Amino acid sequence: MSAMETKPRNGSTELESFLPHDNSSVNVITKYKISNGNDLELANTEFDPFKSRHLEHPVSDCDTLTHLLKASLGTGILSMPAAFYASGLVLGIFSTILVSVICTHCSYILVVCAHELYKKAGKTQMGFADIAEEACLRGPAWGKKFAGSARQLVLVGIFVTYFMTCSCYAVIVAKNFNYVANHYLGYTVEIRITIALLLIPLILLAYVPNLKYLAPVSMLANGFMAVGLGITMYYLVADIPPISERKLVADIATFPVFFSITIFAIEAIGVVMPLENNMSRPQHFTGLCGVLNQGMSGVTLVYIVVGFFGYLKYGDGIKGSVTLNLPIEQYAAQAVNILIGGAVFCTFGLQFYVCLDIAWNGIKKRYADNETIAQYTLRTVMVVVCVSIGIAVPTIIPFVSLIGAFCFSLLGLLVPIGIEMLTFWEKGFGRYNWKIVKNIVVAVTAMLALIFGSKSAIEEIVMMYTSPSNSTLLSNSTGLLADGVGLLANTTGLVSNSTGLLANSTDLFDGAALFNVTALANATSS
C-alpha cells in the first residue's frame, strides 16, 4: 500500500494529518503547501511568536523605556566623576561610549537570539535561562549536554546577584537618609535601626503584582533621580575651573578603575528579558531606533555629562559619590541625598522582581491551589531575609561587589556571546567570521571586568577587616551574617527547579561603583 493509500485516521489520511494544506482543491484533490525547501518539519511548525503571544498585563513601549532607564540610571551615575578622574576628561568621554556600546550590544544580541529561538522552539517568550538552555539544545551536537548546566548557571547567578543587590539597596537608602538626619540631630543614628524601619515599606513595595503596575513606581524613581541630578548639576556647573586645570588623559595605571566603575554602573542585562517578555510589541525592543538603543543612548549621554562636569568641578578632591562633595549644610544638597535615597528605594521593586520571578517559578507548581497566598507569603519572606542580611552586615556592599564582579562578567558579557555562537552555529558568523572577532573583543572586556572588579572589591574587604574602626562592627555581625546566609541558601534552593521566565540589569553594580575609591587611591599612588 502506498503512502497515498494509507487508511484514514479520524477522517484523514496520515498524509493529510501531517502536511499543512491551503484549504483548496482541484478535481477533489487536496493541495498541500510546503515551504522552506520542502522541509516538512519547518513548514509544519513555523509560526509568528509575536502574534501568538498573549499577555494578561502587556507593557507599552513607553513603559518599557521607563523601566529600562530606571534599571540603568542608578546611583552608579554619581560615581562617574570619580571614573573620569581615573581616565581624564577626553579619554573618559570616548571610553564611556565604548563601554556602553559593549554592554548594550550584549543585551541586544541576547534579545536577537531569543527572537531566533522563539521560532525554532515554538515559544512566544523565554527568560535568560530558557534562552541559554534552548541555544544549547538547538545548536551544535556537542552543546546539547551543557543545556541543563547552562540553565542552572544563569538562574543561580542572577538570583544570588540580584538578591544580594536588594540587600545592598536597603543599606544605601538608609545611609542616604542618615546622612541628612545626622546633620540635624547632631549625633550618628545607628544604621541598623534605619534599615529595620525600611522593612514594612519595602514589603509593601514588593506586593506590587507585576511590571505593569511597577511602571508608575519606576517613573517616580526616574523623577527623583532627575531632580536629584538636576540639583547636582547646578552645583557642578557653578564656578567651574578652566579645562586646562584638569587631566585630559590620565595615567594608564588608573584606567582599570574607570573601566571597573563604568561597566558595572551601566550594565542592565538582568532586566532585559523580563522587559521584552512583557512587551505588547516585543519586536520594537530591537532595531536601530528600538527601545533598547533609545534608552541606552540617553543613559550614556547622562553618564558622560555628570562624569565630565563632576571631575571638572572638583578635580582631585572628587569623592566616590559626587553628592558627598556637596555642602551638607545647604538645603538643596540635603534634598539631593533624600531624592537619591527615594530613587533607590523605588528601584528596589524592579530589582526584587527579578529574584521573585525566579523563585516563584521554582515553587508555583506545588501551590497551584493557593497561588495568591503562596506568592505573597514568598514575597514577604524574601524581603524579610533581604533586610535581615542588611541589618546583620551593614558593610555588605563590598561583598556584593565581589559577587557582582564575578557574576556580571560571566552573565552580562560571556554568556550572551556564547548564546550567539550556539544560536547561529549553522547559519555562520558573517563575512570573514566578523562575529567571532567581535566576540573575542567582548570576551577580553569580560575578563578585564572580572579581574579589576574583583580586585577593587577584595581591597575594600581587606581594608574593612584590617581597619581598627571596623573590627568591632565585623565581630558583632558575624553571627547574624551566618543566620542571614543560611536563610539565603534556603531561598536560593528555590531556583534549582525553576522553569519559568528569567529576568535582567543593571543598576546591578551601583554598589561596586560607589565603593571604588580605595582602588582609585591605590592605583593613583602606584
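Cross-link partners of LYS70 among lysines, defined as those whose alpha carbon lies under 29 angstrom from its own and excluding same-chain residues fewer than eight positions apart: LYS51, LYS123, LYS175, LYS212, LYS313, LYS319, LYS364, LYS438, LYS455. When ASP63, ASP239 are compared by accessible area at a 1.4 angstrom probe, the order from most to least is ASP239, ASP63. Ordered from largest to smallest accessible area (heavy atoms of protein chains, 1.4 Å probe), the residues ASP251, ASP48 come out as ASP251, ASP48.
For segment 290-360, the gyration tensor built on C-alpha atoms gives an oblate shape. Its axis ratio a/c (a ≥ b ≥ c) is at least 1.5, and a/b is not larger than b/c.
Derived scalar couplings between HN and Hα for segment 294-300 equal 4, x, 6, 5, x, 4, 4 Hz in order, rounded to whole Hz, by the Karplus curve 6.51 cos²θ - 1.76 cosθ + 1.60 (θ = phi - 60°), x for Gly and Pro.
Note that segment 305-316 has calculated 3J(HN,Hα) couplings of 4, 5, x, 5, 6, x, 6, 4, 6, 9, x, 5 Hz, one per residue in order, obtained from phi through the Karplus relation 6.51 cos²θ - 1.76 cosθ + 1.60 (θ = phi - 60°); glycine and proline are x. For the pair segment 396-464 / segment 88-166, the C-alpha centres are spaced 11 Å from each other.
Placing pseudo-labels 7 Å out from each Cα toward the beta carbon at TYR207 and ILE373 gives an inter-label distance of 1.7 nm. Within the accessible surface of segment 88-213, defined with a 1.4 Å probe on protein heavy atoms only, the carbon and sulfur portion equals 70 percent. Take the Cα of LYS145, step 7 Å toward its Cβ, do the same at TYR465, and the gap between the two points is 3.8 nm.
Each residue of segment 152-159 is assigned a 3J(HN,Hα), and the resulting list reads 5, 4, 5, 4, 5, x, 6, 4 Hz, derived from the Karplus form 6.51 cos²θ - 1.76 cosθ + 1.60 (θ = phi - 60°), x at Gly and Pro. Pair-distance distribution P(r) for segment 100-201, from all Cα-Cα distances in 10 Å bins starting at 0: 13, 27, 21, 16, 14, 7, 1 percent. Between ILE440 and CYS62, residue separation times 0.36 nm minus the direct Cα-Cα distance comes to 132.6 nm. Annotation: VAL381 carries an accessible surface of approximately 80 Å², with a 1.4 Å probe and no ligand, DNA or RNA atoms counted. Taking all protein chains as shown and a probe of 1.4 angstrom, CYS346 keeps an accessible surface of around 10 Å². For HIS67, the accessible area of its heavy atoms, probed at 1.4 Å with every protein chain present, is near 0 square angstrom. Each of PHE224, PHE94 has its accessible area taken with a 1.4 Å probe; listed largest first, they run PHE94, PHE224. For VAL59, the amide hydrogen comes within under 5 Å of the amide hydrogens of MET279, SER280, counting only partners 5 or more places away or on other chains and with H modelled in the peptide plane.
The values are calculated or read from the model by the stated rules, or taken from the named source; none is laboratory data. Computed from a predicted model, the values in this text were never measured in an experiment. Positions of Cβ are backbone-derived with ideal geometry, glycine not excepted, and every protein chain shown enters the neighbour counts. Each accessible area value is taken on the protein alone, full model and side chains, heavy atoms only, with ligands, DNA and RNA left out. Shrake-Rupley method; radii C 1.70, N 1.55, O 1.52, S 1.80 Å.
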